[in-house]
1. Extent of the range 44-131 along each principal axis, from alpha carbon coordinates, in Å, largest to smallest?
2. Using R₀ = 41 Å, calculate the FRET efficiency as 1/(1 + (r/R₀)^6) where r is the Cβ-Cβ separation of D100 and L52; round to 0.05.
3. Report the normalised scattering of the range 131-177 as log10 I(q)/I(0) at q = 0.19, 0.24 Å⁻¹, calculated by the Debye formula with identical scatterers on the alpha carbons.
4. By accessible area of protein heavy atoms, probe 1.4 Å, what ranking do E148, E58 get, highest first?
5. Heavy-atom accessible area of H72 with all protein chains present, probe 1.4 Å, nearest 10 Å²?
6. Using a Gaussian network model of the chain whose springs link C-alpha atoms within less than 10 Å, name the residue from V133, V22, V30 with the highest mean-square fluctuation.
7. Tell me the Kirkwood radius of the chain: reciprocal of the mean inverse pair distance over distinct alpha-carbon atoms, in Å.
8. Filter the trypsin sites (Lys or Arg not before Pro) in the range 71-125 to those in DSSP coil with at most 14 other Cβ atoms within 10 Å of their Cβ, and list the result.
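The values are calculated or read from the model by the stated rules, or taken from the named source; none is laboratory data. A quick note: this is a predicted structure, and the numbers were derived from the prediction, not measured. Don't worry about glycine lacking a Cβ; one is built from the backbone with ideal geometry, like all the others, and counts go over all protein chains shown. Heads up: the accessible areas ignore ligands, DNA and RNA and are worked out on the full protein's heavy atoms, side chains in. Shrake-Rupley method; radii C 1.70, N 1.55, O 1.52, S 1.80 Å.
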Amino acid sequence: MTTAPQELTVTIGDVSRTLPTVRAGGMGRVPLVEFIGDSEFTKAVAQEMVALIPAGTEVLLTVVTNALPLTHELSDRSGLPYVCARKKRRTYMQQPLIQDVPSMTLGVAETLWLDGPHAERLNGKRVTIVQDVVASGGTAQALARLVERAGGTVSGYLAAFRQGTPTLDVIALQDLPRTLS
Ligand SMILES: O=P(O)(O)OC[C@H]1O[C@H](OP(=O)(O)OP(=O)(O)O)[C@H](O)[C@@H]1O
Ligand SMILES: Nc1ncnc2[nH]cnc12
């Protein structure tokens, strides 16, 4: 009898991390990617991802929380500006675009909020969607809809990790198993 692995170590550049595992719904144990609080790992991943940004990209688009520090580092290294959608309405938002995310692998149904002035920065631009992990692809699809509604076009989907087999054509540094057991 073989025993399913309970943890997973990933190496990006010269930085390795053993990913903690979490139980998500009825899916068994899922390797959890965390950039929040880990600048060394975030920078190593961003350094490798710069070369994968689709040619012609003019703006990066991401969403809080975990993908934000990664996209910041990617912007810093590529020189491309970035825009970030929120998961909560803020009182200072002006005519935000509001987009539901139907379902997410580790979370519950959510709504994305893109402030009006930030949406304007996507208008007429070729936009690459940047995420930490793409699993079901639900978040990526919601972000793509925001790009279209803002008057931009999607150049591609770029993620540090692709988990399982999302239906979208995602450029990723590494693949993660859907579950560990
Ligand atoms: O492809 P999907 O199934 O949509 O899953 C991917 C999303 O899940 C994670 O968000 P999470 O719920 O962990 O939120 P957080 O980044 O705010 O912690 C991750 O940051 C992606 O945005
Ligand atoms: N493995 C993972 N780590 C972090 N967020 C995720 N969302 C979906 N899968 C995830």
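1. 34, 31, 20
2. In this case the efficiency is close to 0.90.
3. Result of the Debye calculation: -0.54, -0.80.
4. I get E148, E58, largest accessible area first.
5. 90
6. Residue with maximal mean-square fluctuation among V133, V22, V30: V22.
7. Working: mean 1/r = 0.0598 Å⁻¹.
Across the chain, the inverse of the average 1/r is 16.7 Å.
8. K87, K88, R89, R90
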